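Each remark here refers to the structure printed beneath this line.
The values are calculated or read from the model by the stated rules, or taken from the named source; none is laboratory data. From a predicted model like this one, the values you see are computed outputs, not experimental measurements. FYI the Cβ positions are ideal-geometry reconstructions off the backbone, even for glycines, and counts take in every protein chain you see. Surface accessibility is based on the protein's heavy atoms, side chains included, excluding ligands, DNA and RNA. Shrake-Rupley method; radii C 1.70, N 1.55, O 1.52, S 1.80 Å.
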Amino acid sequence: MEENKIRGFFSRLDRSVFIENEYKKYADIDKPLPIGYEQTISQPTLVLDMTLRLEPDKDCTVLEIGTGSGYQTAFLAEFAHTVYTVEIVPELIKKAEKRLDGLGYRNIRYKTGDGSDGWPEFAPYDRIITTAAAGSMPNELIRQLKPGGRIVAPVGPPGYQDLFVITKDKNGTVDMDPIEKVAFVEMKGKYGWNRE
Ligand code: SAH
């Protein structure tokens, strides 16, 4: 069963590989930790939870917005066919790519830039995950989702947001289901919190 495999991977993956500052020694603590540039590596159990809700499989393509440290990306690369990951901070994506290369992942494509409009070049995707919170759900991401696909994304104001599971059926009908409260950093760009 895929769920057991994902849980097994979760317990095997060394999170300290993704932290290269004074917080490295806290890698085993189940909390987000600073990774520089005012960003954080997500809480491990939340990464596990979001991966399980995304239901990746070896045939699917995944778009990830917010590479950060690359920790969530490793789960996607492990359980999906191809991962397309977008990060707005060039220094972070460079480091993430190095780590994921070092772990042997060759099924990841990296893009530096604002991911609020997705990555049109390789759309549509079977799965989409955002690891930064938008004020409202970016329409373009829903458009870039294949019928039968699913999105896992935090959406809401600063502080606490709803984690949504969004599905698109074969007819293109979209369903948005709020699952739980989460606390993420802001997705910058046109769906960000501080638009004038
Ligand atoms: N799952 C990552 C979480 C990183 S935090 C980890 O565990 O390391 C969220 C990331 O989203 C940050 O690195 C931030 O720079 C990035 N981000 C914020 N807004 C973005 C945008 N509009 N496009 C792409 N990346 C963005």
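Residues considered: Ile88, Ile65. Of these, the only one that is under 16 Å from Phe184 (Cα atoms) and either more than 12 Å from the ligand (Cβ to nearest atom) or open to solvent by less than 20 Å² (accessible area, probe 1.4 Å) (or both) is Ile65. Of the numbered criteria (1) farther than 21 Å from Lys94 by Cβ; (2) surrounded by fewer than 22 Cβ atoms within 10 Å (Cβ to Cβ), the one Met50 fails is (2).
Scanning the stretch 26-59 for residues that are within 14 Å of Gly70 (Cβ to Cβ), part of a loop (DSSP other than H, G, I, E, B) and either touching a strand residue (DSSP E or B) at 6+ places or on another chain (Cβ under 7 Å) or in contact (Cβ under 8 Å) with a residue 60 or more places away in the chain (or both) turns up just one, Ser42.
I'm trying to understand the selection: among the residues of the stretch 68-85, which are more than 6 Å from the ligand (Cβ to nearest atom) and either open to solvent by 60 Å² or more (accessible area, probe 1.4 Å) or in a helix (DSSP H, G or I) (or both)?
Thr73, Ala74, Phe75, Leu76, Ala77, Glu78, Phe79, His81
Within the stretch 91-128, if we keep just the residues that are open to solvent by less than 20 Å² (accessible area, probe 1.4 Å) and among the aromatic types (Phe, Trp, Tyr), the residue that is farthest from Tyr37 (Cα to Cα) turns out to be Tyr125. Just checking, does the stretch 139-147 include any residue being open to solvent by 20 Å² or more (accessible area, probe 1.4 Å), within 13 Å of the ligand (Cβ to nearest atom) and under 19 Å from Gly66 (Cα atoms)? So far as the stretch 139-147 goes, yes, one or more of its residues are open to solvent by 20 Å² or more (accessible area, probe 1.4 Å), within 13 Å of the ligand (Cβ to nearest atom) and under 19 Å from Gly66 (Cα atoms). Among the residues of the stretch 164-196, just one is touching a Ser or Thr at 6+ places or on another chain (Cβ under 7 Å), within 16 Å of the ligand (Cβ to nearest atom) and open to solvent by 70 Å² or more (accessible area, probe 1.4 Å), namely Lys190. Checked against (1) under 16 Å from the mean Cα position of the chain (by Cα); (2) part of a helix (DSSP H, G or I); (3) farther than 19 Å from Gly104 by Cβ, Glu3 passes all but a single condition, namely (1). Quick check, is Lys181 farther than 24 Å from Glu78 by Cα and either among the charged types (D, E, K, R) or free of Cβ contacts under 8 Å to residues at least 40 places away in the same chain (or both)? Yes, satisfied.
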